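Please treat every number below as a calculation from the coordinates, not as lab data. Please read all numbers here as calculations on a predicted model, not as lab measurements. Reconstructed Cβ throughout: ideal geometry from the backbone, glycine too, with neighbour counts over all protein chains shown.
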Amino acid sequence: MDTPFKIWDPSKGIQLGPVTLHFYSLMFIFAFGFGYVLMSRIFKIDNVNQKYLEPLFTWTLIGTILGARMGHVIFYQPELFKEDFWSVFLPISTKNGLKFTGFSGLASHGATIALILTTLYYSFKIIKKNPLWVYDRLGIVVSLGGAFVRLGNFFNSEIIGKPADPNSPFALLFPQQSSEYGVTVPRYPSQLFEAFGYVCLFILLWILYRKTNKKYQQGWLFGLFFIILWAIRFFVEFLKEPQGDEFIQFGGLNTGQVLSIPFMIAGVIIMVVSKKFRITQAENEKPE
């Protein structure tokens, strides 16, 4: 194709004989793999028994996948409950015959809500610590994981940006989306913008966790994580194409932006109330 614009048209994945390892799936593996290693490091720093790592990984995985899927269907594709019910909960489609599709729609807002609930169970029933203590550390891991997920979106040429100024250094063509958006229209790589923001958030939270005493003010790091994460999502949405039918809109804001506002407000409230949950270094590192 003769064009002055940069083209992003990668293969879908790595061919391993008859099986294709999709890059999106690989990014999810990286997200949870690095997250496991990072949380193991955090537990060692805080003198927490490593036996609590496996159940945290399990509940985080369940909350992320199911919550993200349910969030996408509820907020963007509620018609699936009637048109293809089993595809909501399973990576299959029953329309026009049974076939494996993978989960093609995941929403971070839904994943966040589910993670909050599964982490509450983990905090009270398993590790028996203040949930804010767990959220503070989980936010660090989720920031890095979110960057990998957005890289997966970039490989899939999904959640693409709005048309870009032809003179913009970010103008990029996504041929894999040509049937829906037009192959000759350069667009912003909004997935990369969001991924970059999440990496910066991860670095900030890690520095604050390691170099300051804020980890002893339970909830402070989590509140900051909420504010910045959803602010990144809010502002990048201005450059994104809609991810589905925009059922929730207000004041010119799209569904993703409207849903991000309550989370940012919650972050501010959590940072304020975190003053009531200070602990000492000795209490933080107290062995079981």
Problem - ³J(HN,Hα) computed for each position of region 121-126 - Karplus, 6.51 cos²θ - 1.76 cosθ + 1.60, integer Hz, glycine/proline x - result: 4, 4, 5, 7, 9, 10
Problem - Potential lengthening between K12 and C200 on full extension [0.36 nm per residue; Cα-Cα distance subtracted] - result: 64.9 nm
Problem - region 188-288: chymotrypsin sites (Phe, Trp or Tyr not before Pro) in DSSP loop, at most 13 other beta carbons within 10 Å - result: F247
Completion exercise
Here FRET efficiency (C-beta to C-beta, L117 to F5, R₀ 45 Å, nearest 0.05) is 0.55
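What does the extension gain come out to for R278 and I74, with contour length at 0.36 nm per residue minus their alpha carbon separation?
Details: separation 204, 0.36 × 204 = 73.44 nm, distance 3.73 nm.
Extra length from R278 to I74 when fully extended: 69.7 nm.
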Problem - Whole-Hz couplings from phi, Karplus 6.51/-1.76/1.60, listed for region 196-212; x for Gly and Pro - result: 4, x, 5, 5, 4, 5, 4, 4, 4, 5, 5, 5, 5, 5, 8, 9, 10
Handout entry: Cα radius of gyration and Dmax for region 1-69 (Å)
Key = 18.1, 59
Practice task
Over 22 Å between C-alpha atoms is what I'm after, so list which of K95/K240; K128/K211; K95/K162; K215/K276; K211/K275; K129/K276 land there.
Solution key: K95/K240; K128/K211; K95/K162
Handout entry: Calculated FRET value between F235 and E54, using beta carbons and R₀ = 51 Å, to 0.05
Key = 0.90
